[in-house]
Amino acid sequence: MIKTAFPALRRGNQGIALIEGDARHSYAALESRVEAFACVLLGQRDHLAGERVAILIPAGRDYVTALHGVWRAGGIAVPLNVAAARPELEYYLSKAGASRVMTSRKHPVAIDPVCRRLGIEARDVDDALEASGKPRPLPAFEFSRPAMIVFTSGTTSQPKGAVITHKAIHAQVTTLIEAWRWTRNDSVPLFLPLHHLHGIINVLSCALWCGATVHAMPKLDVVRLCEQAAGGAFSVFMAVPTVYVKLIEHIESLSSPQRKAVCDGFREMRLNVSGSAACPAHVFGRWKELTGQALLERYGATETGMAISNPYDGERRAGFVGRALPGVSAQLFDENDRPVRKEGVSGEIRVRGKSVFEGYWKDERATRESFRHGWFRTGDIAVIEDGYYRILGRSSIDIIKSGGYKLSALEIEGVLLEHEAIREAAVIGLSDDTWGEIVAAAVTLKDGASLDLAGLKEWCAGRMSAYKAPRRLKVMQQLPRNAMGKVVKPALRELL
């Protein structure tokens, strides 16, 4: 009988799975804890039979115990954002039909009022384990069984729960281990949110699958990360572009000896990955100048896992996400559902393969509309240039139709970020009677800088075509972002 798909998670493995503060947890100890927790979840039952159990815990031993314990007992895990507001948590729990919420006493979250209102149980992992009884047989592991309901970011509508099977997780993890050369000798920090595939699959699951070591951090600590990097703690580093921006700013603030130590620490790593949002070319370039690392950009979605990636060996191009990963089929389609065969012509990315999700939880209509002839419709528009995909943006958000032109908001943002006063930039299209849509930009500025629309237009002249230059400008203290660092553009549209 297969107990788990994760080969490294077994009783005889004394390798270090997790480092959490001063504590070091072996795979063997983690395995014992997972099995005990699965028995607690089962109680007197033989199988959870797809019961939804929510997990509201940051990175660490308790999160892994809860996630794998739910899987071992035959349940469906519903990982939630520990920073979510109460109305959001209530929506997720209600939508998934969760019966229980697992929490951690080390990182308490104010969930009790929501649970009382919904009539569901909230329980601490350690408290549950203290009440555990004798070990008992666990249900057989089935690859076809749903493993998780992961909620989409909901940037264009209410979040939908993507049902991801163990088979899809197996395909996603094994593909990335091969493509990015994971081994049990690797060591990686985990500070990314664990309600999103970037943290759950790309970092945690890949590492635990092959026997690597995860440095679990409940939240991002740039100073601590740089200290650990300087000490040679990591071989792999994965982050979103906003984290790389923060790292660059911190590194540039250090004294020369400190800066050299941190940059050398990153230089010695075998892999630095950027994803979940487009990495601006200037960030790619500056990171390479500082550390010698060419960031490996990749592309994926909650519903597909990672689908496209720059190569581990070979050219990594700034602004490009690479080629389809092994075992994944990706294809561009035009507005008439015809495959785009010519390079340089834009189309929607569609994906199919074993890594693709099963469907949206209790939403047959959304599931049906998301597929066309077996291909999942990502809604992301791209072109292929010299065999590499370049993302232009979301079909409904980042493609601006102005005066007969189709403009890429991401392309315009990339140019604006070269302005000496601009720290962050987000571009959207606003309705206009004459042009259909006009280009509008929201920006944050570097300390002490100032900028107005006239000055921006003057700066844009010669750097981009006149029809691409912003006609509306809003300077903000901060851009609205979700937990993964993506700008929430519908919120910007309201402000602009």
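Listed here are the residues, each with its yes/no results for (1) closer than 19 Å to Ser32 by Cβ; (2) in contact with a Phe, Trp or Tyr (Cβ under 9 Å, 6 or more places away or on another chain); (3) modelled with pLDDT under 95.
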site: Leu56; (1), (2), (3): no, no, no
site: Thr65; (1), (2), (3): yes, yes, no
site: Ala83; (1), (2), (3): no, no, yes
site: Leu89; (1), (2), (3): no, no, yes
site: Gly119; (1), (2), (3): no, no, yes
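With within 21 Å of Ala294 (Cβ to Cβ), small (Gly, Ala, Ser), out of contact with any Leu (no Cβ under 8 Å at 6 or more places or on another chain) and at pLDDT below 95 as the only criterion, which of Gly344, Gly379, Gly403, Gly314 stands out? So that I can check it myself, show each step before the final result.
Working: Gly344 fails: within 21 Å of Ala294 (Cβ to Cβ); Gly379 fails: within 21 Å of Ala294 (Cβ to Cβ); Gly403 fails: within 21 Å of Ala294 (Cβ to Cβ).
One residue alone meets the criteria, Gly314.
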Has the range 464-482 got any residue that is touching a helix residue (DSSP H, G or I) at 6+ places or on another chain (Cβ under 8 Å), modelled with pLDDT under 85, of a type outside the set (S, T, N, Q) and over 22 Å from Glu420 (Cβ atoms)?
yes
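Answer yes or no as to whether Arg72 is among the charged types (D, E, K, R), over 24 Å from Lys134 (Cβ atoms) and in contact (Cβ under 8 Å) with a residue 12 or more places away in the chain. Talk me through it step by step, then tell me what you get.
Working: among the charged types (D, E, K, R): yes; over 24 Å from Lys134 (Cβ atoms): no; in contact (Cβ under 8 Å) with a residue 12 or more places away in the chain: yes.
Taking the combined requirement at face value, the residue does not satisfy it.
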So, in the range 34-57, of the ones that are touching a strand residue (DSSP E or B) at 6+ places or on another chain (Cβ under 8 Å) and not hydrophobic (A, V, I, L, M, F, W, C), which residue ends up farthest from Arg123 (Cα to Cα)?
Gly50
Could you say whether any residue in the range 279-301 is in contact with an Asp or Glu (Cβ under 8 Å, 6 or more places away or on another chain) and more than 27 Å from Val223 (Cβ to Cβ)?
yes
Residues located in the range 472-491, provided they are part of a loop (DSSP other than H, G, I, E, B), buried (at least 16 other Cβ atoms within 10 Å of the Cβ) and not hydrophobic (A, V, I, L, M, F, W, C):
Pro480, Asn482, Gly485, Lys486
Of the conditions (1) open to solvent by less than 40 Å² (accessible area, probe 1.4 Å); (2) over 22 Å from Ser276 (Cα atoms), Glu494 satisfies every one except a single condition; which number is it?
(1)
Please go through (1) in a loop (DSSP other than H, G, I, E, B); (2) touching a Lys or Arg at 6+ places or on another chain (Cβ under 7 Å) for His419 and return the number of the only condition it doesn't satisfy.
(2)
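The values are calculated or read from the model by the stated rules, or taken from the named source; none is laboratory data. On a predicted model such as this, the values are computed, not experimentally measured, just so you know. Cβ: placed from backbone, ideal geometry, glycine included. Neighbour counts: every protein chain shown. Note: areas computed on protein heavy atoms with side chains; ligands, DNA, RNA excluded. Shrake-Rupley method; radii C 1.70, N 1.55, O 1.52, S 1.80 Å.
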